[in-house]
There are 2 protein chains.
Amino acid sequence: MNPDQAYTELVRLSREKSVLESCLGLLQWDAEIYMPRSGVGHRGEQMALVAGLAHDRATDPRFDELLGTIEGSALVNDPESPHAVNVRELRRNFDRQRRLPRELVEEWARVTALASQVWADARTNDDFKTFAPWIERIFGLAREKADALGWVGERYDGLLEDYEPGMTTDRISPMFTRLEADLVPLVASLREQSVPPDDILKREFPLDNQRLFIEGVARAVGFDSEGGRLDVSQHPFCSMIGPGDVRIGLRYFPNNFTRGLFALLHECGHALYDQGLDRERYGTPMGDPVSLGIHESQSRLWENYVGRSHGFWRHFYSQLQSSFPDALREVSLEEFRKAVNRVKPGFIRIEADEVTYNLHIMVRFDLERALLAGDLPAADLPGAWSELYERRLGIKPPDDRTGCLQDIHWADGLIAYFPTYTLGNIYAAQLFAAAERAIGPLEESFAAGNFRSLREWLVENVHRHGQRYAAPALIERVTGSPPDPSAMIESLSRRYHGNV
Amino acid sequence: MNPDQAYTELVRLSREKSVLESCLGLLQWDAEIYMPRSGVGHRGEQMALVAGLAHDRATDPRFDELLGTIEGSALVNDPESPHAVNVRELRRNFDRQRRLPRELVEEWARVTALASQVWADARTNDDFKTFAPWIERIFGLAREKADALGWVGERYDGLLEDYEPGMTTDRISPMFTRLEADLVPLVASLREQSVPPDDILKREFPLDNQRLFIEGVARAVGFDSEGGRLDVSQHPFCSMIGPGDVRIGLRYFPNNFTRGLFALLHECGHALYDQGLDRERYGTPMGDPVSLGIHESQSRLWENYVGRSHGFWRHFYSQLQSSFPDALREVSLEEFRKAVNRVKPGFIRIEADEVTYNLHIMVRFDLERALLAGDLPAADLPGAWSELYERRLGIKPPDDRTGCLQDIHWADGLIAYFPTYTLGNIYAAQLFAAAERAIGPLEESFAAGNFRSLREWLVENVHRHGQRYAAPALIERVTGSPPDPSAMIESLSRRYHGNV
């Protein structure tokens, strides 16, 4: 087999693996949205079987042989060419998968499946004690996993590489320190001033009108509904089933319109990324999203830099008023905009505003590093959690349910995943600033209902590259600066100091 | 490996194959109901991949080895034991699959995929000429397939065995001849009398109320909605995704309430069979439906023997009147019941009433046998079709669209499938009569809203056996008589002679 033939076969194998994984995507989507209750047992068997088949393919020794035939050939001379990128990334993934002993993979699946159930009960009953041994167990396995995968600076990096390839703890730590130094005083100063009222957002917003309005927003920002759909789900999410099939799940609240709307904008950001990927390269690294941080940057950008902007509401507010005349007839555009830009520390990460959100993440980043290092016994987690919330957000959770039991991530084995949320916020600010430098100020575009120039810029500069550049390199290339929180701090300070 | 171990492994393999096929079921269901338009290309890739994996499993040589270890052992001494049944049926399937050369399987998939598209266009344009060569092609391949699979009496049996194992042409032919002799004069005599009006069924029936009423009927007949769901689809269907997950797709017509209702009862019959199978034995022959004819007998029984009965409407009619006061206020129960039991020959099989339906099937049975035998050139099909419709139904279709182009079956490669519809009707009549002999007359049960005794009798006597007995043996065991159209002729004559 010559390198050309090997490459063709490599792409075929890689696509096949992606198509299998995409079946898993549909099984999961259906389970969230439409599966009848009694179908859960069988669904578990379907998912286990398909996941096993996908794993077999990911570790198929033929990958190794084919890659060996291509590596070093003229096909991959240009490191930025699609051939070279695909070979580089498939090699990286294959080597990582191969380093994990099968027993560890199986034990990991078993333990996290059980731990998720224990976690759900522990949260319901506010009973941290029953969950604590599982934390020990999972972080113990996570240490084994990180060591099997390998790491240079800090063990945490061995896990982070799965979510944000190319990013390391020693790059994240100074960014987070810097953020903390600026955000904690900002939040404190906003607390000293009066928090603008948000009761206008808690009025009666009939669900049918919410749905119509939200569908209109999705269309306006460019969500392709021929190539996707919106459904009602327990938790908001976006799932790419495959090219031409990107699905958003949303929840609507009769007395909280903006919760549904901002979730829509967030998920639309994810969906626009998926819809902006190169369809022809589906199932190969060149057609896949580059990292969780970059994915999150797209959702945060549409949620916060578009959805909370003056321009957005100058365009949509009169339409919103006509959709909900009873709730909003007497509310001015300025009052409304202030209400949706309200900053107030709270206990729950997923309900946090744009400014305090990152402080929630830092707490988790510190704690999971300490747990992984073995410096923090699981039993001490609630105390450490409270202390960090008090230090960073100025509040102490009244119980563990609203404290360290609120997120499913650790129970699911998602360790080193949290920082990608804040990286997403940091990247979003950098990308938005770069977009404005390239296109010009976007305020007037948004006010005129034009979201296309921003979207096309993102497709061109971010989505179409797939995994050509690792996230830090992509950000540097597109914005002229490596990942750096300055743009976010600058934007938040400017926007929120003027908002009280 | 001893026979016990081999049996355990055999069951595991069989289940794995079923679970894979059930993923295909969900991919198909989603494609019919929720998939966005642009997702169709990717869906094709998903289905092709999973179908290929399922086929690999079906022909895995390990089946042969494992079966060989068990066959002849003490494990299968009792031929009606689950062990023996599973071994017998898995052997039958494996040997059939193995007899098909891979090239033929691939050619079959390719040709039928293309033919379905040609058929759809030909039907739209009423253009039989473009479809004719594909008929030749498909029946040519079907001859090869039947010969590869093997047959004794007539080549048609080689194909029929896939849909109705144990049934043969020389058993069907005399039943159909007998049916024709009785039904043709019955239909003619009903035509001479005045057809009762059905305009009361064509009034305005608001869709929301249809849906509510139909959901109530589904609950009443025992459809388990925790283990299934109802959705809107282009064509009515029932799909079992797996144990605890059986889904019905339905279409509602604002000016034709009963079309949706009888489709619901029909699909509920299929669903109750699927829900009545032994969940513990899912994925093995003991937990699988036995044949298409038996499956259809369940749908026909609920549609016609329950849904068109006096008792059913004595129970539901007042509720129906309150759901649709504008349409039905002035209509008596007796008028309504006559309208839903109307017999009138028409061109379209899927819109046919209970009496004429079987005549549609006989036309297809004769023609597909002649096409398979090579006695009828494809070009002569439209003429032969018209002639048989005139002879059996007394009407001649005005064009091929309402004639020989109406069904997708042949384009899809479904040859020898049609007779299972009439076998279903024959079995339904026999089963219903046997149920009444066992439980007592059901008229009063239905009138009291009790559908449970019938359903439980069917679960006990039909569903729970899985594939323990082939369809003809099952019918004989449960009704005391081999498959025989007498019960159906008797029931139709009694019910329809009194209806004019």
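The values are calculated or read from the model by the stated rules, or taken from the named source; none is laboratory data. The structure displayed is predicted, hence computed values, not measured ones. No Cβ is skipped: glycine too gets one built from the backbone with ideal geometry, and neighbour counts run over all protein chains shown.
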Notebook entry, point to check: Does B:Leu320 qualify as being farther than 27 Å from B:Pro82 by Cβ, touching an Asp or Glu at 6+ places or on another chain (Cβ under 6 Å) and among the hydrophobic types (A, V, I, L, M, F, W, C)?
Noted result: no
Notebook entry, point to check: Can you tell me which residues in the range B:39-76 are of a type in the set (Val, Ile, Thr) and more than 14 Å from chain A (Cβ to nearest Cβ)?
Noted result: B:Thr59, B:Thr69, B:Ile70, B:Val76
Next item on the list: Of the conditions (1) touching a residue at least 60 places away in the same chain (Cβ under 8 Å); (2) part of a helix (DSSP H, G or I); (3) surrounded by fewer than 20 Cβ atoms within 10 Å (Cβ to Cβ); (4) assigned by TED's automatic domain parsing to the domain that holds A:Pro485, A:Ser173 clears all except one; give me its number.
Entry: (1)
Item checked: Filtered residues of the range A:93-148 (kept if farther than 30 Å from A:Met286 by Cα, modelled with pLDDT under 95 and not in a helix (DSSP H, G or I)) -> none
Check: From the list A:Arg92, A:Arg99, which one is over 30 Å from A:Val232 (Cα atoms), touching a Gly at 6+ places or on another chain (Cβ under 8 Å), more than 13 Å from chain B (Cβ to nearest Cβ) and of a type in the set (Lys, Arg)?
Finding: A:Arg99
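If I ask for residues that are at pLDDT below 95 and either within 20 Å of B:Arg98 (Cβ to Cβ) or facing chain A (nearest Cβ under 10 Å) (or both), which ones from the range B:1-15 would you list? Break it down stepwise before answering.
So the first thing to find is which residues in the range B:1-15 are at pLDDT below 95, and the list is B:1.
Result: no residue meets the conditions.
Listed here are the residues, each with its yes/no results for (1) in contact with a His (Cβ under 9 Å, 6 or more places away or on another chain); (2) outside any helix (DSSP H, G or I).
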position: B:Asp407; (1), (2): no, yes
position: B:Asp412; (1), (2): no, yes
position: B:Asn425; (1), (2): no, no
position: B:Ala428; (1), (2): no, no
position: B:Pro441; (1), (2): no, yes
position: B:Glu456; (1), (2): no, no
position: B:Arg464; (1), (2): no, no
position: B:Gln467; (1), (2): no, yes
position: B:Leu474; (1), (2): yes, no
Next item on the list: Name the single residue, out of those in the range B:224-264 being more than 8 Å from chain A (Cβ to nearest Cβ) and of a type in the set (Gly, Ala, Ser), that is farthest from B:Leu207 (Cα to Cα).
Entry: B:Ser239
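Please verify whether the range A:185-208 includes one or more residues that are within 22 Å of the chain's Cα centre (by Cα) and under 16 Å from A:Ile361 (Cα atoms). So that I can check it myself, show each step before the final result.
If we filter the range A:185-208 for residues that are within 22 Å of the chain's Cα centre (by Cα), which is where we start, we get none.
For the range A:185-208, residues within 22 Å of the chain's Cα centre (by Cα) and under 16 Å from A:Ile361 (Cα atoms): absent.
Identify, from the list B:Pro36, B:Pro79, the residue that is away from chain A (no Cβ under 14 Å) and without any contact (Cβ under 8 Å) to a residue 40 or more places away in the chain.
On the way: B:Pro36 fails: away from chain A (no Cβ under 14 Å).
Of the residues listed, the single one that is away from chain A (no Cβ under 14 Å) and without any contact (Cβ under 8 Å) to a residue 40 or more places away in the chain is B:Pro79.
Only residues that are surrounded by 17 or more Cβ atoms within 10 Å (Cβ to Cβ) and aliphatic (A, V, I, L, M): list them for the range B:460-500, please.
Result: B:Val462, B:Ala470, B:Ala471, B:Leu474, B:Ile475, B:Val478, B:Ala487, B:Met488, B:Ile489, B:Leu492.
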Margin query: Looking only at the range A:443-454, how many residues end up being of a type outside the set (A, V, I, L, M) and part of a loop (DSSP other than H, G, I, E, B)?
Written below: 3
Check: Quick check, is B:Ser323 touching a residue at least 40 places away in the same chain (Cβ under 8 Å), farther than 20 Å from B:Asp353 by Cβ, among the small types (Gly, Ala, Ser) and assigned by TED's automatic domain parsing to the domain that holds B:Thr420?
Finding: yes
Notebook entry, point to check: Mind checking which residues of the range B:378-388 are free of Cβ contacts under 8 Å to residues at least 40 places away in the same chain and under 18 Å from B:Ile138 (Cα atoms)?
Noted result: B:Asp380
Check: Of all residues in the range A:154-175, which are of a type in the set (Lys, Arg) and under 19 Å from A:Ile294 (Cβ atoms)?
Finding: A:Arg171
Notebook entry, point to check: Taking the condition among the hydrophobic types (A, V, I, L, M, F, W, C), farther than 24 Å from B:Leu423 by Cβ and either outside the structural domain of B:Arg455 (by TED's automatic domain parsing) or surrounded by fewer than 17 Cβ atoms within 10 Å (Cβ to Cβ) (or both), does B:Leu328 pass?
Noted result: no
Notebook entry, point to check: Residues in the range A:310-328: is at least one more than 14 Å from chain B (Cβ to nearest Cβ), charged (D, E, K, R) and farther than 20 Å from A:Leu265 by Cβ?
Noted result: yes
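Is it the case that B:Arg211 is surrounded by 15 or more Cβ atoms within 10 Å (Cβ to Cβ), among the basic types (Lys, Arg) and within 14 Å of another protein chain (Cβ to nearest Cβ)? Reasoning before the result, please.
Numbers: surrounded by 15 or more Cβ atoms within 10 Å (Cβ to Cβ): yes; among the basic types (Lys, Arg): yes; within 14 Å of another protein chain (Cβ to nearest Cβ): no.
The answer is no for B:Arg211.
One line per residue, one yes/no per condition, for (1) in contact (Cβ under 8 Å) with a residue 24 or more places away in the chain; (2) surrounded by fewer than 17 Cβ atoms within 10 Å (Cβ to Cβ); (3) in the same structural domain as A:Phe128 (by TED's automatic domain parsing); (4) over 23 Å from the mean Cα position of the chain (by Cα):
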position	(1), (2), (3), (4)
A:Asp353	no, no, no, no
A:Val363	yes, no, no, no
A:Arg369	yes, no, no, no
A:Ile408	yes, yes, no, no
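Condition check: surrounded by fewer than 19 Cβ atoms within 10 Å (Cβ to Cβ), small (Gly, Ala, Ser) and either within 14 Å of chain B (Cβ to nearest Cβ) or in a helix (DSSP H, G or I) (or both). Does A:Ser189 satisfy that? If you could, list the steps in order and put the result at the bottom.
Working: surrounded by fewer than 19 Cβ atoms within 10 Å (Cβ to Cβ): yes; small (Gly, Ala, Ser): yes; either within 14 Å of chain B (Cβ to nearest Cβ) or in a helix (DSSP H, G or I) (or both): yes.
Here the answer is yes, as A:Ser189 does meet what is asked.
Could you check, for the range B:46-53, whether at least one of its residues is more than 20 Å from A:Ser239 (Cβ to Cβ), surrounded by 15 or more Cβ atoms within 10 Å (Cβ to Cβ) and out of contact with any Phe, Trp or Tyr (no Cβ under 6 Å at 6 or more places or on another chain)?
The first filter runs over the range B:46-53 and keeps only residues more than 20 Å from A:Ser239 (Cβ to Cβ), leaving B:48, B:51-53.
Keeping just the survivors that are surrounded by 15 or more Cβ atoms within 10 Å (Cβ to Cβ) gives B:51, B:53.
Next cut, out of contact with any Phe, Trp or Tyr (no Cβ under 6 Å at 6 or more places or on another chain) only: B:51, B:53.
Looking for residues that are more than 20 Å from A:Ser239 (Cβ to Cβ), surrounded by 15 or more Cβ atoms within 10 Å (Cβ to Cβ) and out of contact with any Phe, Trp or Tyr (no Cβ under 6 Å at 6 or more places or on another chain), one finds at least one in the range B:46-53, hence yes.
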Margin query: What's the number of the only condition in (1) within 14 Å of chain A (Cβ to nearest Cβ); (2) farther than 24 Å from A:Arg43 by Cβ that B:Asp30 fails to meet?
Written below: (2)
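For A:Arg455, are the conditions met, namely being under 28 Å from A:Pro82 (Cα atoms) and of a type in the set (Lys, Arg)?
Numbers: under 28 Å from A:Pro82 (Cα atoms): yes; of a type in the set (Lys, Arg): yes.
Answer is yes for this residue.
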